[in-house]
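S.K.: This is the structure I want to talk about, given as structure tokens.
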Amino acid sequence: MRVPIIAGNWKMNTTYDEALDLVEELIEGLDGRGEEAGEVVICPPFLWLLIVAEYLEGTTIALGAQNCNATDAGALTGEVSAAMLAQQCRYVIVGHSERRQGFGETDADVAAKAAAALRHGLRPIVCVGEELATRDAGHADVHIARQVTAAFADVDARQLADCVVAYEPIWAIGSGRAADGAEANRIAGVIRRALAARFDAAGAELVRIQYGGSVTDANIAEFMGQPEIDGALVGGASLKAEVFVRLCVAGVGGR
Ligand code: PGA
């Protein structure tokens, strides 16, 4: 059985005070819920990870980072390694479309980051997704399958239970236009078949698949009700405590 997982990606948002207010409200609203129902993860900016980790200690909310460098240590100004993040976090987002598009991350970079995360005991949330033009041209399935195969190039089959894939159609991110639940479920099936081809069917069944892109407290149920979808990666709606608490309660259960 795959444990449902909802992750909040704060992106480059929150001041120090806002981050602490948000985490306090999330603890108030979400800590102590039945963890067997599902995991809740928050991914604040790098600079707030240490203090947020302190707040989350002993709670049922897990910590994640938004990116990592695949090299363990060295002369890489401004970078943060998976090895460092593993000391504070349980999860790390890799290959978000904002990093692929805005920072030139390639499939090979994403594969190296996922492998580095796993090497250090950090669970990668591997993001894949197509642009609208790719979808309109009828190439979404091929594009997604290729991204998944590439990202898992250096993953060992024994690590699959620690892996999460987030299907995030680029046109749905921050647009207020979420994908249709049934279509997101169909693409999750494409992802699982790509994993089965790379590993085997039993291995593919272990990987949790999230949907991401304009998920809110109003539409989370539509995605969680899909058989191939195990959770959500949430951007904008994870910055409002009230909304994110409602979203998580609706998605993975309250206390
Ligand atoms: P959104 O972002 O929920 O604001 O659409 C999702 C994401 O980029 O992970």
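S.K.: Which of the following residues is within 16 Å of the ligand (Cβ to nearest atom) and aliphatic (A, V, I, L, M): ALA157, ALA166, ALA145?
M.R.: ALA166
S.K.: Here's something else I'd like to know. Can you name the residue in segment 200-224 that is more than 12 Å from the ligand (Cβ to nearest atom) and of a type in the set (Asp, Glu) and, of all such residues, is surrounded by the most Cβ atoms within 10 Å (Cβ to Cβ)? Steps first, answer last, please.
M.R.: Initial filter on segment 200-224 (more than 12 Å from the ligand (Cβ to nearest atom)): 200-209, 218, 221-222, 224.
Of the ones still in play, those that are also of a type in the set (Asp, Glu) are 200, 205, 222.
Values: ASP200: 12, GLU205: 15, GLU222: 18.
Residue satisfying both the conditions and the ranking: GLU222.
S.K.: Is it fair to say ALA182 is assigned to a helix (DSSP H, G or I), of a type outside the set (S, T, N, Q) and over 25 Å from GLY29 (Cα atoms)?
M.R.: Details: assigned to a helix (DSSP H, G or I): yes; of a type outside the set (S, T, N, Q): yes; over 25 Å from GLY29 (Cα atoms): yes.
Yes: the conditions hold for ALA182.
S.K.: For segment 201-215, name all the residues that are farther than 19 Å from MET12 by Cα, in contact with a strand residue (DSSP E or B) (Cβ under 9 Å, 6 or more places away or on another chain) and either among the aliphatic types (A, V, I, L, M) or without any contact (Cβ under 8 Å) to a residue 40 or more places away in the chain (or both). Working first, answer last.
M.R.: Pass one, segment 201-215, residues farther than 19 Å from MET12 by Cα: 201-211.
Among the residues that remain, those that are also in contact with a strand residue (DSSP E or B) (Cβ under 9 Å, 6 or more places away or on another chain) are: 207-211.
VAL207, ILE209, listed by residue number.
S.K.: PRO227 passes all but one of (1) more than 18 Å from VAL164 (Cβ to Cβ); (2) more than 16 Å from the ligand (Cβ to nearest atom); which number fails?
M.R.: (1)
S.K.: Then there's this: Considering each of ALA196, ALA237, ALA221 in turn, give the residue that is free of Cβ contacts under 8 Å to residues at least 12 places away in the same chain, of a type outside the set (D, E, K, R) and part of a helix (DSSP H, G or I). It would help to see each step written out before you state the result.
M.R.: Working: ALA237 fails: free of Cβ contacts under 8 Å to residues at least 12 places away in the same chain; ALA221 fails: free of Cβ contacts under 8 Å to residues at least 12 places away in the same chain.
From the options ALA196, ALA237, ALA221, the qualifying one is ALA196.
S.K.: Considering each residue of segment 96-111, count those that are assigned to a helix (DSSP H, G or I) and either in contact with a strand residue (DSSP E or B) (Cβ under 6 Å, 6 or more places away or on another chain) or farther than 19 Å from GLN159 by Cβ (or both), and give that number. Steps first, answer last, please.
M.R.: To start, the set of residues in segment 96-111 that are assigned to a helix (DSSP H, G or I) comprises 97-102, 107-111.
Within this subset, residues satisfying the condition of being either in contact with a strand residue (DSSP E or B) (Cβ under 6 Å, 6 or more places away or on another chain) or farther than 19 Å from GLN159 by Cβ (or both) are 97-102, 110.
Selection size over segment 96-111: 7.
S.K.: Checking the condition closer than 21 Å to GLY236 by Cα, acidic (Asp, Glu) and modelled with pLDDT of 95 or more, which residue from GLU57, GLU98, GLU105 passes?
M.R.: On the way: GLU57 fails: closer than 21 Å to GLY236 by Cα; GLU105 fails: closer than 21 Å to GLY236 by Cα.
Result: GLU98 is the single residue among GLU57, GLU98, GLU105 that is closer than 21 Å to GLY236 by Cα, acidic (Asp, Glu) and modelled with pLDDT of 95 or more.
S.K.: In the set ALA179, ALA184, ALA197, ALA188, which member is away from the ligand (no atom under 16 Å from the Cβ), closer than 23 Å to VAL142 by Cβ and at pLDDT 95 or above? Even if it seems obvious, please write down each step before you answer.
M.R.: Working: ALA179 fails: away from the ligand (no atom under 16 Å from the Cβ); ALA184 fails: away from the ligand (no atom under 16 Å from the Cβ); ALA188 fails: away from the ligand (no atom under 16 Å from the Cβ).
Only one candidate passes the filter, namely ALA197.
The values are calculated or read from the model by the stated rules, or taken from the named source; none is laboratory data. The structure presented is a predicted model; accordingly, all values stated were derived computationally and were not measured. Glycine also receives a Cβ, built like all others from the backbone with ideal geometry; neighbour counts cover every protein chain displayed.
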